[in-house]
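**Student:** One structure, as structure tokens, below. Some questions next.
The values are calculated or read from the model by the stated rules, or taken from the named source; none is laboratory data. Treat the numbers as computed from the prediction; the structure is a model and nothing was measured. Note that we place each Cβ from the backbone using ideal geometry, even for glycine, and neighbour counts take in every protein chain shown.
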Amino acid sequence: METQNLLNIQPYQRLAAYYDQLMDYIDYDIWVADIEELTKSFKSDSKWLDISCGTGSMALRLARLGRNMTAVDLSPHMIDIAAAKAKSDGVQINFQVGDMLTFNNNEHYDVIINLHDGLNYLLTTTDIQVFLANTFALLKPGGVLLFDVVTPLLCQTHFRGYREIFNDDQGGYERYTNYDPITQLAESIFTLQTNQDDTSEVETHIQKAYELSDVEGFCRDSKFKSWQILDDESMEAGDAESERYLVRLIK
Ligand SMILES: C[S@@+](CC[C@H](N)C(=O)[O-])C[C@H]1O[C@@H](n2cnc3c(N)ncnc32)[C@H](O)[C@@H]1O
């Protein structure tokens, strides 16, 4: 893209429109099957909260299976797209804009999910502790929190100097992601063309990768009574070879 002006905008502002395209390689149905397996003690009409729902791909599937879904995201643009998808599918979901660190609607849930890298947007141990305390407070006794965590191994393997270009009649985007193994931070810069030829909008997304020992520490320091840290591919105990952990905590 040959442009002169770069305008910084919030994460998932313009990219929201491209998010489903960006996640095209993900099989959400496999994730739903894994989630069902990890929550099979709950009835189909149990009360669920997706606390970083994005464009609602997971929440929609769970609502179609009968779950009573509330779905929250920090980005109003992601919520707008999710709500439009639910409306066109005739699926009932309570969507709200909210921050996973502070969201509180005076309701209590059987299951809370935070999937596909949502937790990696929390960059400090303090924020993760706040997230765990907030979700603990939002769960009913015996309720389950499920989240996934991208590891340094995944970022090293796939995101050192990663480039992607997507073109469409809206202008598309260019993505450049780099991972710094010292800070364990992955920075993704999305450059999106506007309809003014000389201006592009830029979204910078920063995510932190976490090791098994980090995740074990977060669980140990929380109020949850038990937890499992699984490899998301094998669904066996996660280890140093895992690219992504799927974590289940029980209140
Ligand atoms: C990689 S997307 C995952 C979306 C969705 N869970 C999925 O499975 O497709 C990460 C989402 O986390 C949201 N997010 C980031 N920080 C957040 C926060 N503090 N509170 C709520 N949502 C947040 C972003 O807006 C984005 O929609």
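**Student:** Counting only residues that are more than 13 Å from the chain's Cα centre (by Cα) and in a strand (DSSP E or B), which one in region 83-121 is farthest from the ligand (Cβ to nearest atom)?
**Tutor:** Asp110
**Student:** Still on this structure: Kindly evaluate Ala133 against the criterion of being farther than 22 Å from Glu187 by Cα and surrounded by 15 or more Cβ atoms within 10 Å (Cβ to Cβ).
**Tutor:** Spelling it out, it is not the case that Ala133 is farther than 22 Å from Glu187 by Cα and surrounded by 15 or more Cβ atoms within 10 Å (Cβ to Cβ).
**Student:** Is it the case that some residue within region 189-209 is free of Cβ contacts under 8 Å to residues at least 40 places away in the same chain and not in a loop (DSSP other than H, G, I, E, B)?
**Tutor:** Yes; the residues of region 189-209 include at least one that is free of Cβ contacts under 8 Å to residues at least 40 places away in the same chain and not in a loop (DSSP other than H, G, I, E, B).
**Student:** Right, another one. Might you check whether a residue that is surrounded by 18 or more Cβ atoms within 10 Å (Cβ to Cβ) and under 21 Å from Ile112 (Cα atoms) occurs anywhere in region 150-167?
**Tutor:** Among the residues of region 150-167, at least one is surrounded by 18 or more Cβ atoms within 10 Å (Cβ to Cβ) and under 21 Å from Ile112 (Cα atoms), which makes the answer yes.
**Student:** Further, regarding this structure: So which residues in region 216-250 are outside any strand (DSSP E or B) and either within 30 Å of Gln13 (Cβ to Cβ) or in the same structural domain as Tyr162 (by TED's automatic domain parsing) (or both), if there are any at all?
**Tutor:** Phe218, Asp232, Glu243
**Student:** Being near the ligand (Cβ under 9 Å from one of its atoms), crowded, with 17+ Cβ neighbours inside 10 Å and more than 15 Å from Arg175 (Cα to Cα) is the filter here, so list the residues in region 14-43 that pass it.
**Tutor:** Trp31
**Student:** Read through the list (1) part of a loop (DSSP other than H, G, I, E, B); (2) at pLDDT 95 or above; (3) more than 8 Å from the ligand (Cβ to nearest atom); (4) not aromatic (Phe, Trp, Tyr), then give the number of the only condition that Pro11 fails.
**Tutor:** Going through (1) part of a loop (DSSP other than H, G, I, E, B); (2) at pLDDT 95 or above; (3) more than 8 Å from the ligand (Cβ to nearest atom); (4) not aromatic (Phe, Trp, Tyr) one by one, Pro11 breaks only (3).
This table checks each residue for (1) basic (Lys, Arg); (2) within 18 Å of Val150 (Cβ to Cβ).
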site: Ala16; (1), (2): no, no
site: Tyr19; (1), (2): no, yes
site: Trp31; (1), (2): no, yes
site: Leu60; (1), (2): no, no
site: Lys87; (1), (2): yes, no
site: Gly118; (1), (2): no, yes
